[in-house]
Each structure stands twice: as C-alpha cells, then as structure tokens.
Amino acid sequence: MRKSLPGIAQAAPCVLAATALVAFAFSINAQPPGGRAVHVTLHEGTNMAAALSPDGRTLAIDLLGTLWTMPAAGGVAKPITDISMDARQPSWSPDGTHLAFQAYRSTTWQIWTIKSDGTDLRPVTSGPYDDREPAWSPDGRRIAFSSDRSGSYDVWLLTLATGDIKQITSAASNEFYPSWKGESEIAFVSDRREKPGIYTIAVGPPASTSAERLVAASDGATAAAAFSPDGSMMAFNVIAGGRSRLMVNTASTGSRNIADPDEDVFPFRPQWVSPSEVLYTADGKIKRRPVAGGAARVIELTADISFTRPPFTPKRRAFDRSGPQPVRGIMHPVVSPDGTRVAFAALGDLWLMPIGGAAQQLTHDASLETDPAWSADGKSLAYSSDRDGVMNIWVRDLQSGADRQLTRLTAAAMQASWSPDGSRVAFSDPEGQIQIVDVKSGAVSRAHEHLNEAGRASWSPDGRALVVSSLKVYSTRFREGTNQVLRISLDGQPDRWFEPMPHKSIGMREDYGPVWSPDGTQMAAIADGLLTVWPVARDGAPQRPPRAISTELAGSPTWTGDSRRILYQSGDRLKIVDVPSARIVQEIDPHLTWTPSSPTYLLPGTGGPNPLRTKTIHAGRFWNGRADTVQTDVDVIVDGNRVKSIEAHRDTLHAGTVIDASHETVIPGLIEIHTHLSKAYGEALGREFLAWGITTVRNPATNTYETLESREAYESGVRVGPRLFTTGEPFDGTRIYYAGGTSLDDTGQLARVLGHAKDFGFDFVKTYVRLPDLMQKRIVEEAHRMGMPVTSHELYPAVVYGADGVEHIRGTSRRGYSPKISNLSRSYRDVIDLLIASKMTLTPTIGIQGGFRLQTMRDASWIDDPRIQKLYPVSIAQRWRDQTRTAPSAAAMDEAARLVAPQERTVHQIVKGGGRVTAGTDAPINPYGLSLLMELENYASGGLTPVEVLRTATTVSAEAMGAGADLGSLEPGKLADLVIIDGNPLTNIRDLRRVKRVMKDGRLYDMDSLLHR
Ligand SMILES: [Zn+2]
Ligand SMILES: [Zn+2]
C-alpha cells in the first residue's frame, strides 16, 4: 500500500523537482530578490555509501541524504529522491528494479523502497522506533534491517508481501548492520562486551537452528560485512585508533587489511562485484579494489547541486536602551504551600511575592541565588547560592530573615527539593547524582548515581521515594530517548520507570515536572509543552494517561498544599490553575523592572554632559578587526559606550580618562559564538569570559528564563559579564538528549514554541539533530520572518532551506556517523564547496573534537593560570588538573594529532575559499573562555594567518549574529568592546592569552578586578 507523504508537496518548491522527476538533475525557480544562487558540481561525498545494481550497470549513492543513480563506470549522477528524506544506505533488490534505504521523513528512521527510476516511493516500516540499515534478501522477498524495537538494537526481518516483521537476534547487546550470506544466513555486527565482532545467524524455516556464530572478532567500530559470491570470503570496514581498514576475511587465512595505510574507508557495507574485486567508498570517492592486493580504481562522480538561498536580513538588536525595562528572567517560581505567596529568582537574587502584591527582594548580594524550594510548613525556603564561592544549598528562615548554609560542597548543589516532613532536602550535583542533605545535621547521602541531567526531584508524600524526569534511551547504541518518570526508592527498592504517555517526553527535565501532589494522588508535568496532570497509585504508577490543563506553553509547575491548584509559568506571567476544572483562577504579572547600567552620559545631579564619559585609549599597536595589518601609535576615543573616533596619536587627543596601552595591542573584544551558560558556575561565570578577552557570547540552546536572567544581570550591572546573544530551548524531534530540549512531533506545539521565540525576542533559533528536515524548513521560514537566524548541526538540506549556520564540523548526528566529516576527521569537497558557495557559517568546535585535548597533551600549563585557579569552581579546576596528571603516551599523541590536523585543514580550506567560519567551543565541555583561545590556536596551526584567525572571533561572528553594524570591529560608531593585550596576537595568536585589560560597553576592567568578586 502506498502511504501518503505529508508535506512532500510543499517540500521544496523553489529548490528542485519532486521525487519522481528524474529527467533533469535540478531546476531552479525564479530567484527571490536578494537570495544567493548556489551552484556546485560535486565530485566527492563525505561518508557517502554506494551500491552497485545486480546487473552491474548502475550505481546508487546517498550523497547529501539524497539517493542518486549513475553509470557504474562513472559519470553524471541523477537524484531519484527529493532532498528532504535524509535517504541513506541503499540496497538493491536482486531483480535490480528497486532500492531499499533508510530515511528520516518524520521523527524516526524507517525503511523505504523506491523504484530505481525514482517512482514507487513507499515506506515499508513505520512506528515510533528507529529502523535502519536495510539489506534486501537474495530471494527478493525479504528485507533485513536493524531496529531498536526491543530495547536494544537487533536484527529484524520484514517479509514484503505480508508486511510481517520478525525479530532475528535478541541479545541485550546491540546487533545491527545486517547482511545476507546466501539465502538463509544473516551476518550482523554485535557490540557485546565479551566478544564484539561480526556474527552470523540462520534465518531458514522456523524449525531451523538459530545459534549465533562469531565469524570475525573486531577491535574497533565495525560496519556491515559483505560476502563473496561463493560465500568463502567476507569484506568489512573497521575503524580503530584513528585508522580505517578494509578487511578481507577467509576461514583459512583469517582477516587482513587491503586498504591503503592512510585510506579513509567509510563505515558502510562493501560489495563484491566479482570473486576478486570489491566496491566501497573511501576518501570521498567510490572505489573498486582487487581483494588480492593492488591499487584501488576510483569511479568518478559528477553531481550538480543548484538552489537559491532565501533572502534574509537579521533584525538589528537595540544596544542603547535606557530607563526601566521589564524583568523577563524570572527563574523557577514556586508557590507557597498555602497558595498565598510565590518565591522566585531574578536579577541574581531571591524574591518573595505575595500573590496580588509587590515582590520583595529577599537577598541583596553580589552572589547568584536561584532554585528556591518551599518547606512544607511554609516557613523556610531552600535555595542555591555561591555566597561561599560554590553554589551550595542555603536555607532562609522567612520569619527571622536568617540564612543558614546547609551544604559545604566543592561542586554545585542545585535543584533543591524539600521532603514533606521538612527533615531532608534533595538536590543534584554536577556529576548528575541526586543527593540528599539532612537539614539538621548537614550530612549528605547519595540517593542515585549519575543520571543525565535529571530534572528537579519531587518527593512522595511518605518521603520514601523521589520522582524525576529522566532520559530513557531506546538503546545504548544512540544517546537519544524520551524523558520519562524515574521513581527512585529511598528504602532500597529498585528504580522504576513510569511512562504515562509512551514515546512522549514527560517534562523537559530541568524544572518541568513531574511534581507529585502533596496528597499523593496525582502528578503533574509538562508534556508537548502543556501542563498535564494524571492520577497515580500510592507508589506513583500512572492510572490514566495525562490530561492537559493548560492551552499554552507552561513551565515550572508547583502544587499548593491542598493538592487542588498548580502554579506555572507561561510567557511573562505566572498562573494558578484550579486542577479539577482546568480553569485559571489567578494570573500574576511580577511587575519587576531593571535598568541598563550604561556608562553615565550625564553628570549626576547637574544634567550636563559628563567629561568622564570620554576615554582615550592610546594603543601602541591597534587592529580594527577588518584591516589586514596592524597600525601603530593610535588613539581610540570612546564616548560613553561607543567609539567616537580612531586617529593617529596626537597629544591633543588625550582628553578625558587616558588609558595608556602604548606597550600593548588593542583589538576588538572577542566573540564566543557557541557556549552554554551554566548557573552552576555561579556569579563568576561572566568574569570568566571577560578575563579571557571575550566581550560577547552567543548561547545556543538554554532555558529561556535562565539566559534572560543572565542578560539582565549583566546589562543592569548586578553581575559583571559579556554581552549575551541567546536563543531559548532548542527545537528537536520527538527523541531528545539534553535537558530542556523541546521534543516536537506533528501536534500543535511547533506553533506555540515559535510564538514563545517571538514573544521573548530570541536573537536566533537553534534546531537540534532529531528534527526532521521538513520541520527544519518550516522553522527557518518562520524564524526568518521574525528576523532570527537559525543554526543547527545540519548542513544539507538545511543550507537549501536558508539555515544560517551549522554548528560543529562533527557534532552529534542522528545517523550515527556524520555527513560533514569522516571518522578520520576528514571533510571532503561536498562539505567544503557547499559552505564556501552558500556562505553559510560554520562553527567548527575543533576543541571538543580533540583539539583542546591535543593542545593540553602538548602543554598543560594553563592549569596554573590564575584565571583558572580563581574563577572556576574548585572541583572543576581540580578535575582538569587530574586529567592532565598522567603524561600521554606517544601513540596517544600521534592519534590525537592525526584526528585534529584534518579539521584544521578543513577550516583553512573554507576560509581561504571565501567561506565564513565563526569561532565557538561548546563550553563548558572545555573551560569557558580559555577554550575559545585554544580553538583559535587550532585555526592558526591549520595555516590561517593571525588576522584570518581573529576575524572568526570578531567581524565574521558579529555579522553572523546580525550585529555587524555594532560589534566585531573598532570603528567610529561601534560599541566600545575591546581587549588590551600584553603582546601581539597578530604575530603570535597565543598572545591572546595575555589579556591585560578589557573594555565592554565603554567600561574598563583590569585583570585584578575580574579575578576578585
Ligand atoms: Zn595617544
Ligand atoms: Zn552546544
């Protein structure tokens, strides 16, 4: 039966002809004004798979997630699928009429088939599980594939005529990459711990034996095997130790590698094209190689790609606001048990607001307070504060106003949750453990070992269990899953998972529930963006499916003590809903404001101009962010928060405050374009960036309210920190990984989250790796309409849809391998040419892909830098020190270098070709701030000049954020963000580490003031 393909008609009207049209490669409609026309002719494919038709005449390839066919001898490839399917790993039917492949049309991988002329496209599997890696049986009647249907990957068998699906393997380990050995045996790869490798299993009549037999042990990542026509030999790819091998195995001689020593063999099933020759993909090419030894022969490929990028101009941010602004960073509101008051955190402090009254500030200090939690008697609040240097749990007695420190840990204690009897507080630590502190004694005990960023715990009424929203994965092979309710017993019983809505996320972890009602009869959590409640048994087991009681996006649900009402946060408001009737009974506007703390333009008290607002920086060396060269002896005149003029030094220019940098180099403040701000780093986080010369950060993927709290705290002067460009929660498919990830399916949630992005004025939008391409397209269109750039991990077809940026050369990919980079860290011309031609920005993040580690192996002296010692949580600095304690072996250094150098070369090729690279790090994977400088050092060692390197963290990034008119360079009228460096980073990029002073928004910070609170 042919299923309809929702969305396919709208898939790509301006891009290319739909599925069935194969006569012409691509056609473009009229170009919209301003759109960039992109034409590239590709001869290489990164991590491309290929399959030769049974008659030996046609090759099928999956270049860029599109299926193409081409002559077996080489030549022009023609697409047979549209660009939005993410079609991968084709396998021919034995009669040569059809291809089976895996595709990601909706929110899971499914097996599809298509006629080789591009007609008769249909899914042959469906459902909430991932089905991958099809292998068509020699008799043509069945397709073997791998699937996570059983809680781990296993091999399954589809009978095409009936649609019956049968499980073939059943071990608890992962079994995948099936291939046929004759009619009645399937080989597969198993990651079983005791003996990983390639196994075979018989799939004859039901009565036949099903014993699994190891046919080749493996010491690395192994891909699908292929058997020679007579079944006597087997070929397969193994990647280990930074090397890739093409193995040929015979029963008599064992396994031997026939690949060239430095060959980059791609991780797909090779194919025997004769008893003596295999076809495979490697080095971006399709190749044939004699198994007896000898050189490979390349089959040349030509594939034309043409499209027009939709025109887009990002909105311009207002930097010069003055006067009171509404506070939008209201974090973690919690209702008092009697339902009369709300506590929350904002602008770095705790607040208490009588419902219907004005919020009062409970704390007034330079430290960061957050995550308030009520005691059941309503007399106390537990919260996190870094008052003693680390985010520890404190308790405020609301009657006396006294604060008491409850934990004294060296790592952040967050997400406090008070036991019903008031004797204990549960919290989470940076290791992902759930801990419990005894309120009287302060003794800490562990309630649960590491969880992946579980949400805030909620107690059972009897205090004998906790429930948290926790990631439940579909297998250990891939990291994504859905958030489900994990019940943690505190009296020694095993954990239990509750799945009130199977395959749907319950809560987004963080602060989205589940919250157990005080009377124990119900739970509440956010699902599909809405507040839902469901009845539960005494042990917490769901008794009916969740029912939505909000019609709008909701977060931070808390119950009143009578278990009748829930407070939640939606947009700028707090709402109280009567649970039985689902009616909103109170809507609360906190009415808080903050005021930007720009340098004073007017002299206090006089209303006249303030002479002190003028600053002259006398720069011995000066680089403006654009020029190819450094100027010497320059005066930068700053008026308020903007640059007024830049001129050759004259004594008469030394008016106002004169800053002598005559022995230093002045450059624009650096932009870190990919970092996630963590509240666990406390108040010092903002100073960490400035201390490394970073005056602007872009935060892709974060809790909306937490990131706005940071921005408001930095802009109001409550805390010292960089300018912040931010998005909110990332948009993802149904399966997610990180806490806070928005899991989207075809329900109405997409429109709601786009509305949220608009209401909160996100600077840009981040989409994540399980989002289907067609949803990506819609999000790009809507975000652009709102003036917001869009970035993701995806290159193609995102680039066609107009996505503005791509994060990470590698990064997570739903495919399990990257279409942007091979396992040996090499990107081929498809990736490089698309980036150059489209001008889509790339944030390489080489640092998290081995670059930071390699540099640290070579020189770990950064550990002793006072900034590392003074600004980062003690436990984190200690962990870094521990990691560098053992000297790396020469082999480890060699492998690390071999995996980093190709990434540096890719950056070099893109920049030299005219592409746009923006420097970012994905901190805090590596240290905030420092990691950006080391990322830049990677670009330099790839061969870019210092000026080219510095542009990736200044002008190019500013333009990518739509802030080129205000940031990125030092020119008259630009914002006064600059770094004074003791040394010259334009001759030695490592001198960037020698930050002496930093100016942000016209305000000057010396290193000493940044090192101390
Ligand atoms: Zn001067
Ligand atoms: Zn990231």
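Could you work out the Rg to Rh ratio of the stretch 818-942, with Rh taken as the Kirkwood radius (inverse of the mean 1/r over all Cα pairs)?
1.01
Show the residues, 5+ positions off or on another chain, whose built amide H is closer than 5 Å to the amide H of residue 465.
Those qualifying (amide H under 5 Å, at least 5 residues apart or on another chain) are 460, 490.
Tell me which residues come under 5 Å, amide H to amide H, from residue 355 once H is placed; ignore anything under 5 positions away on its chain.
Here 341, 342 satisfy the definition.
Quick check on packing: order 318-325, 497-504 by the mean number of other C-beta atoms within 10 Å, highest mean leading.
497-504, 318-325
The stretch 190-256: Rg/Rh from Cα coordinates, Kirkwood Rh?
Here Rg/Rh amounts to 1.00.
Which values, in whole Å and largest first, are the semi-axes of the equivalent ellipsoid of the stretch 552-594 obtained as the square root of 5 times each eigenvalue of the Cα gyration tensor?
20, 10, 9
Choose one of 433, 116, 242: the residue whose Cα lies farthest towards the positive end of the charge dipole of the chain (beta-carbon charges +1 Lys, Arg; -1 Asp, Glu; about the Cα centre).
116
Hey, what number do you get for the chain at 222 nm if only DSSP H runs of n ≥ 4 count, each worth -39500 (n - 2.57), divided across all residues, to the nearest 500?
One gets -4000 deg cm²/dmol as the mean residue ellipticity at 222 nm.
Could you compute how fast the stretch 313-420 diffuses translationally, taking Rh as the Kirkwood radius over C-alpha pairs and applying Stokes-Einstein at 37 °C with viscosity 0.692 mPa s? Give it in µm² per second.
For these conditions, the coefficient is 219 µm²/s.
What are the ³J(HN,Hα) couplings of the stretch 820-830, residue after residue, when phi is run through the Karplus curve with 6.51, -1.76, 1.60 and θ = phi - 60°? Round to Hz, x for glycine and proline.
9, 7, 7, 5, 9, 6, 10, 10, 9, 5, 4
Please report the relative contact order for the stretch 370-444, taking Cα pairs under 8 Å with a sequence separation of at least 6, and give it as a percent rounded to a whole number.
24
What residues have an amide H closer than 5 Å to that of residue 116, excluding those fewer than 5 places away on the same chain, when H is modeled at 1.01 Å from N in the peptide plane?
Here the answer is 98, 99, since their amide H atoms fall under 5 Å of that of residue 116.
Assigning unit charges at the beta carbon (Lys, Arg +1; Asp, Glu -1) and nothing else, what dipole magnitude in debye, to the nearest 20, does the chain show about its Cα centre?
720
How large is ³J(HN,Hα), in whole Hz, for each residue of the stretch 314-319 in order, when computed from phi with the Karplus curve 6.51 cos²θ - 1.76 cosθ + 1.60 and θ = phi - 60°, using x for Gly and Pro?
For the stretch 314-319, the Karplus-derived couplings read x, 5, 9, 7, 8, 9 Hz, x marking Gly and Pro.
Let me check against my output: what whole-number percent is the relative contact order of the chain, with C-alpha pairs under 8 Å and at least 6 apart?
Reported relative contact order: 9 percent.
Using only the alpha-carbon atoms, what does the stretch 365-467 span along each of its principal axes? Please give whole angstrom values in decreasing order.
If we take the Cα atoms of the stretch 365-467, the spans are 33, 29, 22 Å.
Which of the pairs 615/1000; 315/839; 166/820; 777/820; 115/777; 195/285 have their Cα atoms more than 23 Å apart in this structure?
166/820; 115/777; 195/285
Could you tell me what fraction of 2.2 N^0.38 Å the Cα radius of gyration of the chain comes to, as a two-decimal ratio?
Cα Rg divided by the expected 2.2 N^0.38 Å: 0.97.
Return the whole-Å distance between the Cα centroid of the stretch 628-672 and the Cα centroid of the stretch 463-488.
The stretch 628-672 and the stretch 463-488 have Cα centres spaced 54 Å from each other.
Report the full-extension gain for the segment residue 97 to residue 988: residue separation times 0.36 nm, less the Cα-Cα distance, to one decimal in nm.
Working it through step by step, the gained length comes to 314.8 nm.
Mind checking which aspartates and glutamates have their Cα closer than 15 Å to the Cα of residue 78? Skip sequence neighbours fewer than 8 apart in that chain.
Result set, ordered by chain and number: 44, 62, 117, 300, 304.
Using just the C-alpha positions of the stretch 454-590 as equal point scatterers, what log10 of I(q)/I(0) does the Debye formula give at each q in 0.14 1/Å?
Log10 I(q)/I(0), no solvent term: -0.58.
Add +1 for every Lys or Arg and -1 for every Asp or Glu among the other residues with Cβ under 9 Å from the Cβ of residue 649, and state the total.
-3
After finding the eigenvalues of the alpha carbon gyration tensor for the stretch 115-262, what semi-axes result from the square roots of 5 times each, listed largest first in whole Å?
For the stretch 115-262, the ellipsoid semi-axes come out as 26, 17, 17 Å.
Using the 10 angstrom Cβ neighbour count as an exposure proxy, how do 272, 374 rank, fewest first?
So the residues, fewest neighbours to most, are 272, 374.
Rounded to the nearest Å, what's the spacing between the alpha carbon centres of the stretch 962-1013 and the stretch 675-743? Just the number, please.
Taking the Cα centre of the stretch 675-743 as reference, the centre of the stretch 962-1013 is 20 Å away.
Can you give the Rg to Rh ratio of the stretch 265-374, both from alpha-carbon atoms, with Rh computed by the Kirkwood formula?
Checking Rg against Rh, the ratio lands at 1.52.
Tell me which lysines have Cα within less than 20 Å of residue 504's Cα, excluding those fewer than 8 residues away on the same chain?
Result set, ordered by chain and number: 472.
With equal scatterers on the alpha carbons only and no solvent term, can you work out the Debye log10 of I(q)/I(0) for the stretch 663-814 at 0.13 1/Å?
Evaluating at q = 0.13 Å⁻¹ gives log10 I(q)/I(0) of -0.61.
Considering every pair of different Cα atoms, what Kirkwood radius, in Å, is found for the stretch 59-169?
14.1
For the stretch 761-781 and the stretch 888-926, write down the distance between their C-alpha centroids in whole Å.
Measuring centre to centre over Cα atoms gives 26 Å.
Using the 10 angstrom Cβ neighbour count as an exposure proxy, how do 157, 933 rank, fewest first?
157, 933
Each reported figure results from applying straightforward, stated rules to the coordinates on display, with no laboratory input. Computed from a predicted model, the values in this text were never measured in an experiment. All Cβ positions, glycine included, derive from the backbone under ideal geometry; neighbour counts span all protein chains shown.
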